[in-house]
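So the structure is just underneath, and the comments pick up after that.
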Amino acid sequence: MSTERFEKLSKDKRQRILNAAREEFARVPYEEASINQIIKNAGISRGSFYTYFEDKRDILQYIFKEEGEKNSHFLKEIVLENRGDFWKAITEYTRRVAGYMKKGTIQQSINILTQTNMMRRVVDWVETDIKIREETEKEQLEWMMEHLDLSLMDVRGSKERLGLILKSAHMLSVTALFNMLLHPDKDENLILREFNMQLELLRYGAGREARKLIEAS
């Protein structure tokens, strides 16, 4: 991850370096991404780059971490907008991100995900950054425990149970969004409808009793 020296740079300079890296990772596949091009676009020396990051993998990992924090903050905002109703929040979150994808406002981020084979790399990095991941998940879970309307969720007073529900719902959202990304010719409404059905199953279950709960909600 980044060095202390990078974190002490001015905000403008940090963003200039990160934006240069984003442009390069969005332009070509990860294996072809050039540190020389990054430092040229950022207007820094090669020596300076290596005082901030170990290599291109390091700066890409930093970018993914930053994007993850932005997404987490975005979801939290929507949770607050929906007064702690997680089911409405994750549905609205997925719908809004899908809208941004359609408008092209997050096209650079999408290009980075596809060019760098993000899903495979994240799996690799999870193995090496378990402590960081666990700390992040713990912070997010504590926030959700405090701000969600838990009466709408079958958590039974268990943080572990809540964590599993949140992870499952988030995975459904990510799957739907990647489905749109990988199949741009597929009807977006059909993908969202399938997501809503899967979310409904997660919320109410698949047993016969679930139908009564759905109709009563």
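The values are calculated or read from the model by the stated rules, or taken from the named source; none is laboratory data. Keep in mind the model is a prediction, meaning the values are calculated, not measured. Cβ coordinates were reconstructed from backbone atoms using ideal geometry, including for glycine residues, and neighbour counts include every protein chain displayed.
Only residues that are in contact with a Ser or Thr (Cβ under 6 Å, 6 or more places away or on another chain) and hydrophobic (A, V, I, L, M, F, W, C) were counted across the stretch 1-40, and they come to 1.
Could you please let me know if L192 is at pLDDT 90 or above, among the hydrophobic types (A, V, I, L, M, F, W, C), surrounded by 14 or more Cβ atoms within 10 Å (Cβ to Cβ) and at negative phi? Answer is yes for this residue.
Looking for something under 16 Å from R95 (Cα atoms), at pLDDT below 95 and not small (G, A, S) - is there at least one such residue anywhere in the stretch 203-211? Spell out the reasoning first.
To start, the set of residues in the stretch 203-211 that are under 16 Å from R95 (Cα atoms) comprises none.
Within the stretch 203-211, none of the residues are under 16 Å from R95 (Cα atoms), at pLDDT below 95 and not small (G, A, S).
Kindly indicate whether S151 is hydroxyl-bearing (S, T, Y), part of a helix (DSSP H, G or I), farther than 18 Å from F195 by Cβ and modelled with pLDDT of 80 or more. For S151, the condition - hydroxyl-bearing (S, T, Y), part of a helix (DSSP H, G or I), farther than 18 Å from F195 by Cβ and modelled with pLDDT of 80 or more - is met.
Of the residues E92, E54, only one is free of Cβ contacts under 8 Å to residues at least 24 places away in the same chain and assigned to a loop (DSSP other than H, G, I, E, B); which?
After ruling out the rest, the residue left standing is E54.
Regarding I63, is this residue surrounded by 17 or more Cβ atoms within 10 Å (Cβ to Cβ) and at pLDDT 90 or above? Here the answer is no, as I63 does not meet what is asked.
Taking the criterion of being exposed (fewer than 13 other Cβ atoms within 10 Å of the Cβ) and over 17 Å from D55 (Cα atoms), the residues of the stretch 1-14 that qualify are K8, S10, K11, D12.
Taking the conditions (1) in contact with a helix residue (DSSP H, G or I) (Cβ under 7 Å, 6 or more places away or on another chain); (2) more than 20 Å from R83 (Cβ to Cβ) in turn, R156 satisfies each one other than (1). When we screen E69, E31 for residues that are surrounded by fewer than 17 Cβ atoms within 10 Å (Cβ to Cβ) and over 28 Å from E137 (Cβ atoms), the only hit is E31. Residue pairs whose Cβ atoms lie under 7 Å apart, sitting 6 or more positions apart in sequence or on different chains, and linking a residue in the stretch 32-51 that is farther than 14 Å from T3 by Cβ to a partner that is among the polar types (S, T, N, Q), are I39/S45.
Go through R16, R22 for me and flag whichever is in contact (Cβ under 8 Å) with a residue 12 or more places away in the chain and closer than 25 Å to N179 by Cβ.
R22
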